[in-house]
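Inspection log for the structure reproduced underneath, given as C-alpha cells.
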Amino acid sequence: MLDTCVIVAAVKSRFGASFLLVNAASARNRFFECVLTNALISEYEEVIHRPEHRLKNWTNDDLAALIDSLLVPAHWAPTDFSYRPSLKDADDELVLEAAINGQADMVITFNVKHFRPAERFGLRVLTPGHLLEILKKRGFVYGKE
C-alpha cells in the first residue's frame, strides 16, 4: 500500500526508493502488490498535478501514464467499510481504508509517525527505503522483478 507521498517522491526524483517501488508496482511481480481504490487513485492524481509537485520534464500525459501503469497490476480493494476516524489527517484515512479493506500487509509512507495507529489493524508501517531493504534481502533486483 503506497501512501500518496511516495507517489509524489517518485515524480520528484528518479533516483530514490520511491521511484523504484512505484515502477515495480506498475508490473506484476512476486515481491509485492499495490492496493488501490477509486478514491485513492483520485487522491494520487489530484496531488501529483499540483504545481509544487511538478517537475518541468513531467507532462500531464506522463503523470496520467504513471497512474495508469498502477491500475492493472493492482489489487482493487472494496470500499464497503469505513474505519474513520483512525488518523489525524483525513487524506491519510483514504490510504488506511484502502490498506485495511484490501487486506494489505503494510503501508509505505514517509509519514511513519502519522500512520502508527494503523498498527492496531495489523499493518506494518515502513518507509520506502526500509521496504526496499527488506525486498532486496528477499532477492528483489530492480528491473528483474
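Here are the numbers for the structure shown:
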{"read-out": "Neighbour-count order for Met1, Met106, fewest beta carbons within 10 angstrom listed first", "value": "Met106, Met1"}
{"read-out": "Kyte-Doolittle mean at least 0.5 and Cα axial length at least 15 Å: DSSP H helices in the chain", "value": "60-71"}
{"read-out": "Peptide ranges 63-75, 89-101, 11-23 listed from the most packed, as the mean C-beta count within 10 angstrom indicates", "value": "89-101, 11-23, 63-75"}
{"read-out": "Expected 222 nm ellipticity per residue - DSSP helices of 4 or more, -39500 (n - 2.57), all of the chain, to 500", "value": "-13000 deg cm²/dmol"}
{"read-out": "Lysine pair count for the chain [Cα-Cα under 30 Å; pairs on different chains or 8 or more apart]", "value": "11"}
{"read-out": "Fully extended contour minus Cα-Cα distance, from Glu45 to Arg14, at 0.36 nm per residue", "value": "9.3 nm"}
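None of the figures in this text is laboratory data; all of them are computed from the coordinates on show. Just so it is clear, the model here is predicted, and its values are computed rather than measured. Neighbour counts are summed over all protein chains in view; Cβ atoms, including those assigned to glycine, are modelled from backbone coordinates with ideal geometry.
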